[in-house]
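Read through the structure below, which is laid out as structure tokens, and then see the notes.
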Amino acid sequence: WSQIAGVALMAVVALLYSADFNFEAKLIPFMLVAGTSGAIGYLFFYKGFEIGKVSVVSSVINLQLLFTMGIAFFVFGQTLSALQIFAIAMVIVGITIVSTKFSYLRNKISLAKGVKETLIAAVLFGAFFWPFNEYVVERTDWLSAALIIKIIAVLVVLVLSLLQRQKLGLQVASKKIFILLALVGLLEAGAVLATSFGVALGDSIIVVPISSALTIVTVGLAMIFLKEKITKTQGVGILLTVD
């Protein structure tokens, strides 16, 4: 349901900015792979959140960077300067420190929950979704490509639900949940649009690692609005990422 809200946002933006939907037919398979891997990746990612610790799952998902950067380097021939390599390494280290409560690492059972699902999501995002997304947006209108890939992702989820005979109706205690679901979809779609635009202009080997700094934003907002406290270790992670 949140992804449908995202499709609505992308459709409005595409309409307002007169997106060009004329693209070569050879790009369709790449869109299908990007949409399918993105959809299945999100399902495994959400499953990881459902059964595992948020800090562990949000740390493991950052492994997608290794796949994305590896493909960008070996397949697309993208390179980084020594300074950029150091900066991205600091971002990755900072994200990992902030998103992980290291006390959980002492409990092997807790660590195991959700890790397998999140690893699968990391592979799908890093090795398929972002590389195929970049290939498409660099060869056609990035806005129309993002919309089509998002629609494919929604259709994939619907097909999977039919195959598993799983009902998609929502049974919620409060109507506020619908508002939250819509906000999740709208914000996620906005983030995907921004990152896709960045990839269309630049290289994924730089853009995707920077976009993964979302963990820092999450921690910052949690401190402001939810009055959550951070550990000294997490503070070091934030400084590493910001610097």
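The values are calculated or read from the model by the stated rules, or taken from the named source; none is laboratory data. Being a predicted model, the structure only gives us computed values, none of them experimental. Cβ: placed from backbone, ideal geometry, glycine included. Neighbour counts: every protein chain shown. Heavy atoms of the whole protein, side chains included, go into the accessibility calculation; ligands, DNA and RNA do not. Shrake-Rupley method; radii C 1.70, N 1.55, O 1.52, S 1.80 Å.
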Query raised in the report: Within the stretch 149-159, is even one residue buried (at least 19 other Cβ atoms within 10 Å of the Cβ) and free of Cβ contacts under 8 Å to residues at least 60 places away in the same chain?
Result: no
Report task. Kindly indicate the residue of the stretch 195-210 that is open to solvent by 40 Å² or more (accessible area, probe 1.4 Å) and in contact (Cβ under 8 Å) with a residue 12 or more places away in the chain and also nearest to the chain's Cα centre (by Cα) among those meeting that condition. Result -> ILE210
Query - Qualifying residues in the stretch 3-24 (those that are open to solvent by 80 Å² or more (accessible area, probe 1.4 Å) and of a type in the set (S, T, N, Q)) - the one nearest to GLU188 (Cα to Cα) - result: SER18
Report summary line: Exactly one of PHE45, PHE49 is within 20 Å of SER161 (Cβ to Cβ), of a type in the set (Phe, Trp, Tyr) and open to solvent by less than 60 Å² (accessible area, probe 1.4 Å), and that one is PHE45
Report task. Enumerate the pairs (first residue in the stretch 165-184 and over 18 Å from LEU43 (Cα atoms); second residue anywhere and assigned to a loop (DSSP other than H, G, I, E, B) and of a type in the set (Val, Ile, Thr)) with beta-carbon separation below 8 Å, excluding pairs fewer than 6 apart on the same chain, so at least 6 apart or on different chains. Result -> PHE178/VAL172
**Report entry** Any hit, the stretch 75-97, residues being assigned to a helix (DSSP H, G or I), modelled with pLDDT of 90 or more, touching a helix residue (DSSP H, G or I) at 6+ places or on another chain (Cβ under 6 Å) and surrounded by 14 or more Cβ atoms within 10 Å (Cβ to Cβ)
**Finding:** no
Query raised in the report: Among the candidates THR215, THR195, which residue alone is among the polar types (S, T, N, Q), modelled with pLDDT under 85 and out of contact with any Pro (no Cβ under 7 Å at 6 or more places or on another chain)?
Result: THR215
**Report entry** Unmet criterion (only one of (1) within 25 Å of VAL93 (Cα to Cα); (2) within 14 Å of the chain's Cα centre (by Cα); (3) surrounded by 21 or more Cβ atoms within 10 Å (Cβ to Cβ)) for LEU119
**Finding:** (3)
Requested in this report: Would you check if ILE109 is open to solvent by less than 50 Å² (accessible area, probe 1.4 Å), at pLDDT below 75 and more than 15 Å from the chain's Cα centre (by Cα)?
Outcome: no
Query raised in the report: Out of LEU32, LEU65, LEU27, which single residue is assigned to a helix (DSSP H, G or I) and open to solvent by 80 Å² or more (accessible area, probe 1.4 Å)?
Result: LEU32
